[in-house]
1. Treat each spin label as a single point 7 Å out from the Cα along the C-beta direction, and report the B:Asp89 to B:Ser55 distance in nm.
2. Volume per residue, Å³, of the convex hull around the alpha-carbon atoms of the protein assembly as shown?
3. Any idea what the relative contact order of chain A is, in percent, if you count C-alpha pairs under 8 Å spaced at least 6 apart?
4. Quick one: if the Förster radius is 51 Å, what FRET efficiency do A:Ser25 and A:Asp76 give, using the C-beta to C-beta distance and rounding to 0.05?
5. Give me the number: length gained by fully extending B:Asn67 to B:Leu118, i.e. 0.36 nm times residue separation minus the C-alpha to C-alpha distance, one decimal in nm.
6. If one takes the longest principal axis of the Cα atoms in chain A, at what angle in degrees, from 0 to 90 and to the nearest 10, does the Cα axis of helix A:60-76 lie?
7. Whole angstrom only: what separates the Cα centroid of the range B:29-51 from the Cα centroid of the range B:122-175?
8. Can you give me the solvent accessible area of B:Val62 with a 1.4 Å probe, rounded to the nearest 10 Å²?
Amino acid sequence: MKCSEASWNMSQLHDGVKLDSKVESELNAHLKVCPPCRGFQESLGQISDQLQAHSKTLSDSVKDRISQQLAQRDLDQ
Amino acid sequence: MSQSHIPPEQWPYEYGDLLYSYAFHRIGHREVCEDLVQDCLIRGLGAWSQFRGDSQVSTWLVGILKNLIYDYFRKHSKSVEVSMVDDMDEFFLEDGHWRFETLEGEVLQRGLHSQLSLCLEGLNDRYRIPFLLKEQDELSGEEIADILGIKVNALWIILHRARLKLKQCIEGGHS
């Protein structure tokens, strides 16, 4: 199996797509001998984990602006 | 003071960061996310009488925001098209080997922490939107395909290319 095929099959597995058992066996055999593909496999999980870990902050000026709009609408209701 | 008694004008200070972070990780554009948080809180205020108190206010607001985000994706995903026989030369050599190799254990050393946000922001909408729906909202392929109006088989290709592009960007600064 080529790395290009292996990466596609790893992506499919990551997305929950069931692979043909023969293809899965070939993928596992390829992974045993291919460090770059193991690197790609590792990155799939690490990117998912990282995405959950980042947090962002809304700027104070935007909070103030929205707060004023909410206060005005609350009065109007 | 219970959460439900926080005055609406205090919502941006109480829930703003949570909502903005949620939106930013799915859309990645500051101004769009700020507008969505604003729309979310205004909708929340308008629908406040329907809030039953059987969940946290923050959870309820995230639910409103999620629907706004999906509406945004529906409106902005019209150009999401992909060839089923996509060109992979960007990532692989003719013999099928990786153009850029990162070995096992090297991904974090290559700056995943610092690079991921930048690489995501640089990723075209056609890749970033489906990728984040899958990785962050953990929607099924069928659900994402339905939101974006594409076929599931095309979605798998888009997700694969998104991962390859992110890998390449993180490894070498290629966007």
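The values are calculated or read from the model by the stated rules, or taken from the named source; none is laboratory data. Nothing here was measured: the structure is a model prediction, and the numbers come from that model. FYI the Cβ positions are ideal-geometry reconstructions off the backbone, even for glycines, and counts take in every protein chain you see. The accessibility values were calculated without ligands, DNA or RNA, using every heavy atom of the protein model including side chains. Shrake-Rupley method; radii C 1.70, N 1.55, O 1.52, S 1.80 Å.
1. Here the modelled spin labels are 4.9 nm apart.
2. Numbers: hull volume 36.2 nm³, N = 252.
That works out to 144 Å³ per residue.
3. Working: 21 pairs, mean separation 21.7, N = 77.
Value for chain A: 28 percent.
4. Numbers: r = 66 Å, r/R0 = 1.29.
Calculated value: 0.20.
5. On the way: separation 51, 0.36 × 51 = 18.36 nm, distance 2.56 nm.
Residue separation times 0.36 nm, minus the Cα-Cα distance, leaves 15.8 nm.
6. The helix A:60-76 is inclined about 60 degrees to chain A.
7. The range B:29-51 and the range B:122-175 have Cα centres spaced 26 Å from each other.
8. The accessible area comes out at roughly 30 Å².
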